[in-house]
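Working notes for the structure below.
Derivation of every value follows stated rules applied to the coordinates shown; laboratory data play no part. Model, not experiment: these values are computed from the prediction. Please note: Cβ atoms are built from the backbone with ideal geometry, for glycine as well, and neighbour counts cover all protein chains shown.
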Amino acid sequence: MIYSSQILAQLLEKNCVSRNINKIVISPGSRNAPLIIEFTNKSFFEAYSIVDERCAAFFALGMAQQTQQPVVVFCTSGSALLNYYPAVAEAFYSNIPLIIVSADRPSNKIDIADGQTIRQKNVFANHSLYNANLLDAEDEFAYNVAEIEKAIAIAILKKGPVHINMPFEEPLYKTVTTSKIPDTFKFDKISDELKQPNTIDSNVLDSWNASDKKMILVGTHYPDKELNKLLSILSEDDSVIVLTETTSNLHHPNFINTIDNLIFSLSDDQLEFLKPDCLITLGGMVVSKRVKQFLRQFKPQHHWHVSEFTAPDTYFCLSGQVAMPSADFFTQLIENKSTVESHFKKDWLQRKMFVEQAHNTFMEKVPFSDLSVFNNINKALPKHIMLQLANSSVIRYAQLFHLDKTITVFCNRGTSGIDGSTSTAIGAALTTKQQTVFMTGDLSFFYDSNALWNNYIPTNFRIILINNGGGGIFRILPGPQTTKALDYFEAPHNLTAEHLCKMYGFEYTQVGDDATLNTSLEHFFKESPQPKLLEVTTPRELNDKVLKDYFKTLN
């Protein structure tokens, strides 16, 4: 067996084995040679090499997103580390366990004008759950062990990113055949002191049972059959309406899962009529800006957020946090709920019926545009796939349609950035035998084009690139077009993905109308010896007009 001569690398490797953490993403470099040696010479680990650090971190995040287990990603010293920051922030706000490990110069080499040297300690302090700054002296063994143990335990228990900074003195490439860590050495068991009590506060039950207008709003959420079942039971209550987003992965005929369609065009009087008295929220970030505006303006009397982690005051009326698993909470709520007379659910579902009829009528005559493309793709998507969505326009268009309940949906909504969407989707695709379809806009795609510089892309990976010529969302928003500076909000271009696909070995197809799109989709999802990219070019100056006309029909 080959080991790095550096004890810090050995300590991290041993701890990962003890916690069954076996996915490792490596950003190539020199200062991190001890880590590369230690982790790539052990058959226990699945090691991936991704050159671009920003892509590497999002690639790791995609795997952790799906497995819900920590993934380790490590790099050399200097500015390489800073490129991890966007993914660290996404993991922080999306509760994704990510272990960032940075190789560093010894402390006496910092700020003496040495190359590839920056101040790495606590560099992610604002967006990490813990920062372990290890010491480069071998007589600090106990301290270093405790710091590594604590960082990894927090990543597992609190579901978020941690940073471990490791100083390495040369020689970096020296190997040994015997580990400095004895086989009998045992790491501490992970403490369960962070676990929360599993009993509902009586104030939550009282406010729920006293209300005849109750709303449950679910943001980003992992697929959960038990939660789906419990919310379906609650949705039979006449006083309860359940609002779900595309990324909630929840489905039932009584759920409202196209929120913007229902409320975008409503007057203040109508919104006042439909506002809840008691609001229960769960899951991660909510995409719909309109529902945020609605609940901030027409505040419920009570708002409880169910989460083991944090309780953001999104609607400026938070009553408190219910710090327990969602399924446990709703099980107890069902057991203790009272029945009240109400027309609340009926009022919402009547609105839903009207909007769905108007939606279907508009789609029968919608001209070729971003909206028609999403309509056609939605009808063509195979069942039982993983759907990864980029941010900006793509996730918002996806919210307007009902997806098949067998499709699981994911999007980097923690920070809602366009950076790293493709890399995340590729990392996620590696964790499953399901076909993964990634839908993206042109800016998101070209911004993260180094994601395709990746030797691990599965042949069943599919990219649908909707190219509207650069930042179409800014034509939808009411402000930018009044500024006479629209070209600086958008990023107009004439780029296509053709040559990128040729360089990276993707099968490439480009279409520019509904008929050709539908014909291409018939072939697009079939098996092939290489991944595929379908580029759909849409009319940049028509898309916003079509979408605005669409919402007008929903009045």
>> Using alpha carbons only, how many angstrom separate the centre of the range 419-433 from the centre of the range 90-153?
In response: 26
> In the chain, what percentage of the DSSP-assigned beta bridges are antiparallel, given to the nearest 5?
Replying inline: 5
>> Give me Ser207, Ser319, Ser421, Ser77 sorted ascending by neighbouring Cβ count inside 10 Å, so fewest comes first.
In response: Ser319, Ser207, Ser77, Ser421
> Taking the Cα-to-Cβ direction at Glu364 and at Thr40 and moving 7 Å from each Cα, how far apart do the two end points lie in nm?
Replying inline: 6.1
> Taking the alpha-carbon centroid of each part, what is the distance from the range 511-529 to the range 205-245 in angstrom?
Replying inline: 38
>> Among [x] 24.4; [y] 32.4; [z] 25.3, only one was calculated for this model; which label is it, if the read-out is Kirkwood radius over Cα pairs in Å?
In response: [z]
>> Going 7 Å from the Cα of Val17 along its beta-carbon direction, which residues of the range 169-189 have the amide nitrogen within less than 20 Å of the resulting point?
In response: 174-189
> Between Glu356 and Gln116, 0.36 nm times their residue separation minus their Cα-Cα distance comes to what?
Replying inline: 80.6 nm
>> Suppose the chain between Glu507 and Ser528 were pulled fully straight at 0.36 nm per residue; how much longer would it get relative to their current alpha carbon spacing?
In response: 6.7 nm
> Normalised by the number of residues in the chain, what is the relative contact order in percent for Cα pairs under 8 Å and 6+ residues apart?
Replying inline: 13
> Which distance in nm do the two modelled labels at Ala491 and Thr519 give, with both placed 7 Å along the Cα-to-Cβ direction?
Replying inline: 3.3
>> If you fit an axis through the alpha-carbon atoms of helix 53-67 and take the longest principal axis of the Cα set of the chain, what angle between them do you get, 0 to 90°, nearest 10?
In response: 70
> log10 I(q)/I(0), Debye, Cα-only the range 3-176, no solvent, q = 0.11, 0.14, 0.15, 0.17 Å⁻¹?
Replying inline: -0.38, -0.64, -0.74, -0.98
> What residues qualify as long-range amide H neighbours of Tyr48, i.e. H under 5 Å apart, gap of 5 or more or another chain, H built at 1.01 Å from N?
Replying inline: Ile24, Val25, Ile26
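Tell me, in nm to one decimal, what length is gained between Asp313 and Glu341 on full extension, where the rule is 0.36 nm per residue of separation less the Cα-Cα distance?
On the way: separation 28, 0.36 × 28 = 10.08 nm, distance 2.96 nm.
My answer for the length gained is 7.1 nm.
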>> Angle check, please: helix 225-234 long axis (alpha carbons) against the longest principal axis of the chain (alpha carbons), in degrees 0 to 90, nearest 10.
In response: 30
>> List residues of the range 24-62, by number, whose backbone nitrogen lies under 17 Å from a label position 7 Å along Cα→C-beta of Met1.
In response: 35-46
